[in-house]
Amino acid sequence: MPTSVFVNIPTSDLERARAFYSGVGWTINDNFSDENAICVVISDTIYLMVLTRDYFATFTDKTIIDPGTSAQVQISLSADARDDVDAFLEKVLAAGGAEQREAQDYGFMYSRDFEDPDGNTFGMLWMDPVAAEIGPEAFMAQQGQDS
């Protein structure tokens, strides 16, 4: 059973990536960072390995996409409170990231999507704990709303 998540993403500018991810408040583990990669610590169990495009290419025979023009994956992370989503997005924007689209508010879930300076896409979301436990349809029914 996995105990940690390591997500590998490409960058065209490692120092810019370091400044961005530090700017949003995440920690860089310098023990696992060098001229090819930085290890971004998101939590005790989630790590973002930001790799130069050339170094990333050593791990696969597939084409490394340009995240500024193509989407391969969106990394979504949860927040403890709805206000935390907005507060985090303020950090993202101040650090040089961009919001992809307007906030998505479903009542039981609130999310905002953003890109790092390379165009790698992320989502930050909050979900009502009751909705997470019983499911959105049951939650909306309890609230007297249609799903």
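The values are calculated or read from the model by the stated rules, or taken from the named source; none is laboratory data. This one's a predicted model, so the numbers in the text were calculated from it and none came from an experiment. Heads up, the Cβs are rebuilt from the backbone with ideal geometry, glycines too, and the neighbour counts pull from every protein chain shown.
Of all residues in the range 112-145, those being of a type in the set (Val, Ile, Thr) and part of a strand (DSSP E or B) number 1.
Quickly run through the range 1-19 and pick out the residues that are out of contact with any strand residue (DSSP E or B) (no Cβ under 9 Å at 6 or more places or on another chain) and either β-branched (Val, Ile, Thr) or buried (at least 17 other Cβ atoms within 10 Å of the Cβ) (or both). Result: Thr3, single match. Looking only at residues in the range 114-131 that are of a type outside the set (Asp, Glu) and more than 13 Å from Val73 (Cα to Cα), the one that is surrounded by the most Cβ atoms within 10 Å (Cβ to Cβ) is Met124. Scanning the range 1-27 for residues that are free of Cβ contacts under 8 Å to residues at least 24 places away in the same chain and within 18 Å of Ser76 (Cβ to Cβ) gives Pro2, Trp26.
Give all pairs with beta carbons closer than 8 Å in which a residue from the range 72-91 that is within 16 Å of Met127 (Cβ to Cβ) and surrounded by fewer than 12 Cβ atoms within 10 Å (Cβ to Cβ) meets a residue that is at pLDDT 95 or above and not small (Gly, Ala, Ser); count only pairs at least 6 apart in sequence or on separate chains. Once the first residue is within 16 Å of Met127 (Cβ to Cβ) and surrounded by fewer than 12 Cβ atoms within 10 Å (Cβ to Cβ) and sits in the range 72-91, its partners that are at pLDDT 95 or above and not small (Gly, Ala, Ser) give Asp80/Trp126; Ala81/Trp126. Entry remark, the range 97-113: residues being of a type in the set (Gly, Ala, Ser), closer than 19 Å to Val50 by Cβ and surrounded by 14 or more Cβ atoms within 10 Å (Cβ to Cβ) number 1 in total.
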